Amino acid sequence: MRLLEYQAKELFKEYDIRVPESIASKDIESGRKDAEKIGYPFVIKAQVPVGGRGKAGGIQKCHNEDEFELKYPEILNMTIKGEKTRAILLEKMTEYEKEIYLSLFLNRSKRCYTVISSAEGGVEIESVKDQVIQEVGLGEVTEKVAKEVAQKIGLTENSIPHFVDILQKLSKLTVEKEAELTEINPLVILKDGSMMALDGKMMTDDNSNFRHKELAKYQEKTELEKKAEESGFSLVELDGNIAVIGNGAGLVMSTLDMLTDNGGKAACFLDVGGTATTESVYEALTLISKMKDVKAVLVNLYGGIVKTSIVASAFLKAYDDKIIVLPVFARLMGAESEKSKEMLKDSETKLSPSIEEAINNVVMEVNK
Amino acid sequence: MTDIFELLKGKGSEKQPVIVQGITGKFGTRHTKLMMEYGTNIVAGVTPGKGGQKFENSVPIYETVKEAVDATGAKISIMFVPAKFFLGAAKDALEAGIKLLIAIPEHVPVQDAMKTIELAKEKGAIMIGPNTPGVMIPDLIKIGIMPASPFKFGNVAVLSKSGTLLYEISNNLSTSGFGQCITLGIGGDPINGTRLIDAFDMVKDYPDLDGIVVVGEIGGDAEEVFAQKIIDENFKKPIVAYVAGRKAPKEKRMGHAGAIVMGNYGSAESKIEMFTKANIPVAKRPVEVPILLAGKMEKK
């Protein structure tokens, strides 16, 4: 789960990591009350689950009520890199001496947690040259290791204890909430050497959600995504007009790549999963029928564990119930594909022997 | 390092005994039958609470892996337990002396996978997975959930993060005359018991090896680290790669827990760049894999 800044900061507070005074809201009425509480000037920050919002105008200073009335709705209605603003955070401005970078992330090839820190902060970490990278096993950062990191990034004596304290708290948070990434960028050093988290980003392990009921309130899923999860398949909504369905994440990604290469635009990524049944695929088709802007459906199946006939039955049922009225282009391979082709031959589904041909046909269809 | 071929093939004519953890569940039952049909020597099942019963009137079921190991001497176990119970079941297997653990379950928490890997290291064991379709030597042994039809015996090793793409690409290889000496699913999770580089170490010295096919996907840096290793070891046999997810949006999990791009970390561009640097051609589509492999073999 990708936490928004204000959600990450709530957890920071719980773990006693200092953050500026701030209040989150989702409509301008509550925003006005928050503005009064915080007092001008403050910063208006778009809460979106994607990086680079500063450059996109999603963070703006606000000095008075007139500016507030103008900027709050503007930022609330923003879409940044395809993501709508989910909430607005009003945050007190902080005076500081220096910005640094600190994160803990799951190092997949080393199979351990890793601390990344740098004396340069407030910019994307990819562009920072002098990064200190320290592997920390299953995640608990000892005082000794935290001190080493602090010294390596060249902090002054009066800042080191503050850094050690924050890094240890951050590692506790990371391990306890089973995060794959926790990032403070920038972490700022104040005049007295103490530190404060000006931004916060967290990505937790969805597979550990069952152990973290306390995080459930942060789950931001669209209705479609919720339904998909209940039915046991994965769905990612995209902004094109061709719904892409298949079995297996790799195969569906591969289909999406080829479709895009050929000028098609996917409306969604839908993996029916390894335990698909006729009912669950029927449910998937129902979801797609409710998606706006979809003009055609592209199906790519390699039957193995999930027999293609299971999917064929779902399509026949969906045609009978008038769930799908869209043109469907399909390639069926593997287990029971001959049987499935026979089942679908009199239906509206246009079958192709190869995925390349199915893609060409679907792209022609939506462009006609 | 444990020799995976030796572990899978066994010595002499006796087939390697395999234990199934979670043999009585719906998924476990179905795939145990399919593995037995393929010729895998399933000698015991483990389901707590069902010890003393028999699977299909032939395979004895035990309460714990230890009892199953004591009775059969098996060193291999395949797991079909729910993700929530994965850690406990994996510990049970490793403590009992299992040397090759095939972890099928999807949705295993990352921290549980990391703890299992630490224990496996301690015990000198290998875990493949979690979220793997399994491992097989075509025509000899299948320990996993892959269908039988795409695979034919030969001299190419296929290492894949994805299940269905492993089937699709192996099928393309088989129909083009490239059989496989081993096919191994790395798994689609962020943390893998057997990483791409580990799998490479397992297959690189196989005497009849003609080439390797790597089926990667966005997320993490397994492909980059693999490519670097090929450069460092100056490995000369033909390798061809495929990377799924070139057109996937950033910061979205694409079906697999591990298939997510964060910044540039895990991007297809980064993987393709490293493969290219290691002189490994990358297919744009699955059907191109055998063509590129044939090209690589001719050049040799």
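The values are calculated or read from the model by the stated rules, or taken from the named source; none is laboratory data. Worth saying up front: this structure is predicted, and the values here are computed from it rather than measured. Cβ coordinates were reconstructed from backbone atoms using ideal geometry, including for glycine residues, and neighbour counts include every protein chain displayed.
Of the set (1) surrounded by 19 or more Cβ atoms within 10 Å (Cβ to Cβ); (2) modelled with pLDDT under 95; (3) out of contact with any Phe, Trp or Tyr (no Cβ under 7 Å at 6 or more places or on another chain), all apply to A:Val363 but (2). Residues that are more than 13 Å from chain B (Cβ to nearest Cβ) and either touching a residue at least 60 places away in the same chain (Cβ under 8 Å) or hydroxyl-bearing (Ser, Thr, Tyr) (or both) within the stretch A:251-289 comprise A:Thr278, A:Ser280, A:Tyr282, A:Thr286, A:Leu287, A:Ser289, listed in sequence order.
The residues of the stretch B:275-300 that are outside any strand (DSSP E or B) and within 12 Å of chain A (Cβ to nearest Cβ), listed by number, are B:Lys284, B:Arg285, B:Pro286, B:Val287, B:Glu288, B:Val289. Inside the stretch A:234-250, residues that are within 11 Å of another protein chain (Cβ to nearest Cβ), surrounded by fewer than 24 Cβ atoms within 10 Å (Cβ to Cβ) and of a type in the set (S, T, N, Q) make up a count of 1. Taken together, B:Glu118, B:Glu67 contain a single residue that is within 20 Å of B:Ala199 (Cβ to Cβ), more than 15 Å from the chain's Cα centre (by Cα), outside any loop (DSSP other than H, G, I, E, B) and among the acidic types (Asp, Glu), which is B:Glu118. Mind listing whichever residues of the stretch B:187-223 are farther than 21 Å from B:Lys271 by Cα and not in a loop (DSSP other than H, G, I, E, B)? Scanning the stretch B:187-223 gives B:Met202, B:Val203.
For (1) within 17 Å of B:Met202 (Cα to Cα); (2) buried (at least 23 other Cβ atoms within 10 Å of the Cβ); (3) in contact (Cβ under 8 Å) with a residue 24 or more places away in the chain; (4) not small (Gly, Ala, Ser), each residue gets a yes or a no:
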position	(1), (2), (3), (4)
B:Ala113	no, yes, yes, no
B:Gly129	yes, yes, yes, no
B:Ile137	yes, no, yes, yes
B:Asn171	no, no, no, yes
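From the list B:Tyr206, B:Tyr242, exactly one residue is among the aromatic types (Phe, Trp, Tyr) and either surrounded by fewer than 24 Cβ atoms within 10 Å (Cβ to Cβ) or within 21 Å of B:Val110 (Cα to Cα) (or both). Which is it? Step by step, each of B:Tyr206, B:Tyr242 is checked, and only B:Tyr206 is among the aromatic types (Phe, Trp, Tyr) and either surrounded by fewer than 24 Cβ atoms within 10 Å (Cβ to Cβ) or within 21 Å of B:Val110 (Cα to Cα) (or both). Scanning the stretch A:85-121 for residues that are within 14 Å of chain B (Cβ to nearest Cβ) and part of a strand (DSSP E or B) yields A:Tyr101, A:Ser103, A:Leu104, A:Phe105, A:Leu106, A:Asn107, A:Cys112, A:Tyr113, A:Thr114, A:Ile116.
With respect to the stated conditions, A:Val325 is of a type in the set (A, V, I, L, M) and more than 13 Å from chain B (Cβ to nearest Cβ).
Look at (1) within 14 Å of B:Val214 (Cα to Cα); (2) out of contact with any Asp or Glu (no Cβ under 7 Å at 6 or more places or on another chain) and you find that B:Lys271 fails only one, number (2). Reported count of residues in the stretch B:13-64, each being among the acidic types (Asp, Glu) and assigned to a helix (DSSP H, G or I), is 1. Just to verify a result, which residue in the stretch A:203-228, among those that are more than 7 Å from chain B (Cβ to nearest Cβ) and polar (S, T, N, Q), is surrounded by the fewest Cβ atoms within 10 Å (Cβ to Cβ)? Restricting to residues being more than 7 Å from chain B (Cβ to nearest Cβ) and polar (S, T, N, Q), the top hit is A:Thr222.
Taking the conditions exactly as written (buried (at least 19 other Cβ atoms within 10 Å of the Cβ), within 24 Å of A:Val50 (Cα to Cα) and in contact with a helix residue (DSSP H, G or I) (Cβ under 8 Å, 6 or more places away or on another chain)), does A:Ser231 satisfy them or not? Judged against the criteria, A:Ser231 is not a match.
Checked against the criterion of being among the hydrophobic types (A, V, I, L, M, F, W, C), away from chain A (no Cβ under 14 Å), touching a residue at least 12 places away in the same chain (Cβ under 8 Å) and over 26 Å from B:Phe5 (Cα atoms), the stretch B:243-266 contains not a single residue that satisfies it. Among residues of the stretch B:121-175 being more than 13 Å from every other protein chain (Cβ to nearest Cβ) and part of a helix (DSSP H, G or I), the one that is nearest to the chain's Cα centre (by Cα) is B:Leu173. Just checking, does the stretch A:273-283 include any residue being of a type in the set (Phe, Trp, Tyr), in contact with an Asp or Glu (Cβ under 7 Å, 6 or more places away or on another chain) and modelled with pLDDT of 90 or more? Scanning the stretch A:273-283 turns up no residue that is of a type in the set (Phe, Trp, Tyr), in contact with an Asp or Glu (Cβ under 7 Å, 6 or more places away or on another chain) and modelled with pLDDT of 90 or more.
Against the definition (modelled with pLDDT of 95 or more, within 28 Å of A:Gly154 (Cβ to Cβ) and out of contact with any Lys or Arg (no Cβ under 7 Å at 6 or more places or on another chain)), how does A:Tyr40 come out, yes or no?
no
Remark: A:Lys9 falls outside the filter, which requires a residue to be at positive phi and under 18 Å from the mean Cα position of the chain (by Cα).
Conditions tested, residue by residue: (1) touching a helix residue (DSSP H, G or I) at 6+ places or on another chain (Cβ under 9 Å); (2) under 23 Å from A:Lys110 (Cβ atoms); (3) crowded, with 20+ Cβ neighbours inside 10 Å.
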position: B:Glu168; (1), (2), (3): yes, no, yes
position: B:Ser176; (1), (2), (3): yes, no, no
position: B:Gln180; (1), (2), (3): yes, no, yes
position: B:Ile218; (1), (2), (3): yes, yes, yes
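Annotation: of all residues in the stretch A:173-202 being within 14 Å of chain B (Cβ to nearest Cβ) and part of a loop (DSSP other than H, G, I, E, B), the one that is nearest to A:Glu91 (Cα to Cα) is A:Lys177.
Residues in the stretch A:297-330 that are assigned to a strand (DSSP E or B) and in contact with a Gly (Cβ under 9 Å, 6 or more places away or on another chain): A:Leu298, A:Val299, A:Asn300, A:Leu301, A:Tyr302, A:Gly303.
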